[in-house]
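Single-structure report; data block below.
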Amino acid sequence: MNIKNIKSFIEFYKFLGITDCISPVQRNKMKFKVDPKKNIKKMKESKKTEKIIESKLASINNLRSLIINLDCSLKDVATNLVLYDGNYDANIMFIGEAPGANEDIDGKPFVGEAGKLLDKMLSFINLSRNNIYITNMVFWRPPGNRTPNETEISVCLPYTKKHIKIIKPKLLVFVGSIAAKNLLNSKEGITKIRGKKHIYQDKDNDLKIEARAIFHPAYLMRNPIEKKTMWDDLLEIDEFINSNNILQDE
Ligand code: URA
């Protein structure tokens, strides 16, 4: 193993939080008290949440029917429309670039090798498809997995903005430079955009949402040494999620 790899492994264990040895503790020591008023409040809140979820689902289905009718040339060569995966009631929304071959077959984003790497990295900070929502900038696979061109992106962009409006997350994470540049209106590359705090703004819909940009997992597969940078970015995201109680809020 070379020096670079050893360093990356040390960072990896540090990232996992392995700094201490855990000793056995006595279980079942806590006493729980049931507060009936709290339970009623919780039931009311869950009814409200159910309604919000129903209306989000209806809006997503409506969005799907608008997208199906889009005039986008990619549609003619793709097998499936790839709209989303994950929890549509989540407070965290990830946006990637475009579906690849596996996504085209399954009709779900990030299910191929890059998606598996993303899932693995997200699991380090307790994120999974149960507590995030994930989509792409472009809804069909570009032939041969090429980068979507400007026309394809601009046809899909208004629908991605509608998508964000429906999910209304508390944190947006742009995966790779296509999503970061187009949604932050920036000309800079991902190397400059990542590692900074951003605000996604949609003036037409009066939306301002906290945003971060990370390297695309496909880039990390080609440049594994950059995983260290990715860990730094994920740690910052984790810190933001915890200090704003974003997961507890769901
Ligand atoms: N890369 C992406 O950006 N999105 C996917 O869904 C798969 C690979």
Condition set farther than 20 Å from residue 64 by Cβ and part of a loop (DSSP other than H, G, I, E, B), scope segment 101-128, selection nearest to the ligand (Cβ to nearest atom): answer is 112
Taking first residues from segment 98-121 that are more than 19 Å from residue 78 (Cβ to Cβ) and second residues anywhere that are outside any helix (DSSP H, G or I) and near the ligand (Cβ under 7 Å from one of its atoms), the pairs with Cβ under 6 Å that are 6 or more apart or on different chains are 118/110
Wholly inside segment 141-213, helices (runs of 4 or more DSSP H) that include 2 or more residues that are modelled with pLDDT of 95 or more, among the aliphatic types (A, V, I, L, M) and out of contact with any Leu (no Cβ under 7 Å at 6 or more places or on another chain) are 150-167, 177-184
Among (1) more than 8 Å from the ligand (Cβ to nearest atom); (2) assigned to a loop (DSSP other than H, G, I, E, B), residue 98 falls short only on (1)
(request) Determine, yes or no, whether residue 133 is modelled with pLDDT of 95 or more, touching a strand residue (DSSP E or B) at 6+ places or on another chain (Cβ under 7 Å) and under 25 Å from residue 57 (Cβ atoms). (result) yes
Filtering segment 214-231 down to residues that are part of a helix (DSSP H, G or I) and either among the aliphatic types (A, V, I, L, M) or surrounded by fewer than 15 Cβ atoms within 10 Å (Cβ to Cβ) (or both) yields 218, 220, 221, 222, 224, 225, 230
Of 147, 135, the only residue that is buried (at least 16 other Cβ atoms within 10 Å of the Cβ) and either under 25 Å from residue 224 (Cα atoms) or not basic (Lys, Arg) (or both) is 135
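The values are calculated or read from the model by the stated rules, or taken from the named source; none is laboratory data. Please read all numbers here as calculations on a predicted model, not as lab measurements. All Cβ positions, glycine included, derive from the backbone under ideal geometry; neighbour counts span all protein chains shown.
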